[in-house]
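Colleague: Encoded as structure tokens, here's the structure I'll be asking about.
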Amino acid sequence: MPPPPEPLSKSEQLQGLLTMARELLQIDEASAVLRLAGRSIIELLAAKEALLLIGGDTPLCIAFGDDGTAMSAPTLHAWYPTVHARMASGTSVPNPTGNLMVAVPQSHPKAVLMAACPPVSALEIEQQQVATLETLLELIAATLGRIQIRSSLEQTVTSQCNQLIEKAQEHADALARLDLAAHDMLSLSLTDVLTGLNNRRGFFMKAEPLFQLARRQFRGSAVVYADIDGLKQVNDTLGHMTGDQMIRDAASMLRVSLRETDVLARMGGDEFVAYAVDEAEPHALLSRLQQTLDAFNHLRQRPYQLSLSVGMVSCGPEANVTLNDCIQQADRAMYERKRCLH
């Protein structure tokens, strides 16, 4: 049996909530809201199942399966007494072991959501799961309230209508603020969107510990700095979409020329850096890369010839030499090689 999926990281959960909020603003059917809610609960929290209860004259009780499928749940559902007690009492009701339960508002709940999430070892992670689940519930309840009021298909919310509409507007306003903050969040991620490689921050986070370990153990290593030749001409003549493909192709050629233990990143634009551990013969790496490029160009599947200018330096155990120093040396070696060739 495969292991249960891990819940997403905090930044991934935030991005997922942002995406869900955007989609909810475009939805006008309650069934579509519930399908999206079930999928989001499973994807963001790796929950096995969940139960949603929304109060009103005609309470709505929905169960979500392990694939996110939503279905009407009877009062005989095993979790129903617990979520109903939480809604009726207005006070905290203990969660069954292994489950998370949230309610909005906290003091006089109008909606309750319980989910069976994988156990976590850190209190901080559990608190993040609770916060994510609570935001999910607020988004679901607010959107269902908006749909119910506008279409008059269901009168499950009475005195709560104005509050739910106001909540939906609050999330719409928050969405605009989250859009402004999305760039900051993406810049803190570790992956370059275009190539799937590490970005600068991801490179240093992964390569720096390896660099320090190699120095302590007096093991050889090397830094490779590469620049795509002729990218500007491709962008100017064939368009930036073709230029982006050229960048992706260069990333693929570098990736297959390196070993799995090496750290590769796109530093920005048309420049790449790699840190190779235990590279006893650093120039063998350059030979592998050139052979890979020759094979790629021989296939003639692109309207351009792919060429890289590459600089490499060996990293010794000197105490006053940093990884960034090695990168700068490799960068200078790359530009010197580019001047000689062009």
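The values are calculated or read from the model by the stated rules, or taken from the named source; none is laboratory data. Here the structure is a predicted model, which is why all the values come from computation and not from measurement. When we count neighbours, we look across all protein chains shown, and the Cβ atoms used for this are built from the backbone with ideal geometry, even at glycine. What goes into the accessible areas is simple: the full protein's heavy atoms, side chains included, and nothing from ligands, DNA or RNA. Shrake-Rupley method; radii C 1.70, N 1.55, O 1.52, S 1.80 Å.
Colleague: Looking only at strands (runs of 3 or more DSSP E) that fall completely inside region 57-141, which ones have 1 or more residues that are loosely packed, with under 14 Cβ neighbours inside 10 Å and among the small types (Gly, Ala, Ser)? Quick ask: steps written out before the conclusion?
Modeller: Details: elements: 60-64, 70-72, 99-104, 111-116.
Per the criteria, 70-72.
Colleague: Looking at (1) modelled with pLDDT under 90; (2) open to solvent by 20 Å² or more (accessible area, probe 1.4 Å), which is the only condition Ala46 fails?
Modeller: Here Ala46 meets the rest and fails (2).
Colleague: Which condition does Ser307 not pass, out of (1) of a type in the set (Ser, Thr, Tyr); (2) within 14 Å of Asp227 (Cβ to Cβ); (3) crowded, with 19+ Cβ neighbours inside 10 Å, if it passes all the others?
Modeller: (3)
Colleague: Hey, could you check region 255-285 for residues that are hydrophobic (A, V, I, L, M, F, W, C) and free of Cβ contacts under 8 Å to residues at least 40 places away in the same chain and say which is surrounded by the most Cβ atoms within 10 Å (Cβ to Cβ)? So that I can check it myself, show each step before the final result.
Modeller: Going through region 255-285, the residues hydrophobic (A, V, I, L, M, F, W, C) turn out to be 256, 258, 263-265, 267, 272-274, 276-277, 280, 284-285.
Filter once more, keeping what is free of Cβ contacts under 8 Å to residues at least 40 places away in the same chain: 256, 258, 284.
Working: Val256: 12, Leu258: 19, Ala284: 10.
Once the filter is applied, the top-ranked residue is Leu258.
Colleague: Now for a separate question. Right, Asp227: over 25 Å from the mean Cα position of the chain (by Cα), open to solvent by 30 Å² or more (accessible area, probe 1.4 Å) and of a type in the set (Asp, Glu) or not? Break it down into steps so the answer makes sense when it comes.
Modeller: Numbers: over 25 Å from the mean Cα position of the chain (by Cα): yes; open to solvent by 30 Å² or more (accessible area, probe 1.4 Å): no; of a type in the set (Asp, Glu): yes.
So Asp227 fails the test.
Colleague: In addition: Is one or more of the residues making up region 323-332 without any contact (Cβ under 8 Å) to a residue 24 or more places away in the chain and open to solvent by 80 Å² or more (accessible area, probe 1.4 Å)?
Modeller: Yes: one or more hits.
Colleague: Restricting region 199-239 to residues that are in a strand (DSSP E or B) and among the β-branched types (Val, Ile, Thr), which is nearest to Lys338 (Cα to Cα)? Write out each step before concluding.
Modeller: To start, the set of residues in region 199-239 that are in a strand (DSSP E or B) comprises 221-228.
Add one more test, that the residue is among the β-branched types (Val, Ile, Thr), and what stays is 223-224, 228.
On the way: Val223: 17, Val224: 14, Ile228: 10 Å.
Taking the candidates together, the pick is Ile228.
Colleague: Could I ask something else about it? So which strands (runs of 3 or more DSSP E) stay within region 240-342 end to end and still have 2 or more residues that are of a type in the set (Val, Ile, Thr) and closer than 18 Å to Ala222 by Cβ?
Modeller: Values: elements: 263-268, 271-277, 308-315.
Ranges flagged: 271-277, 308-315.
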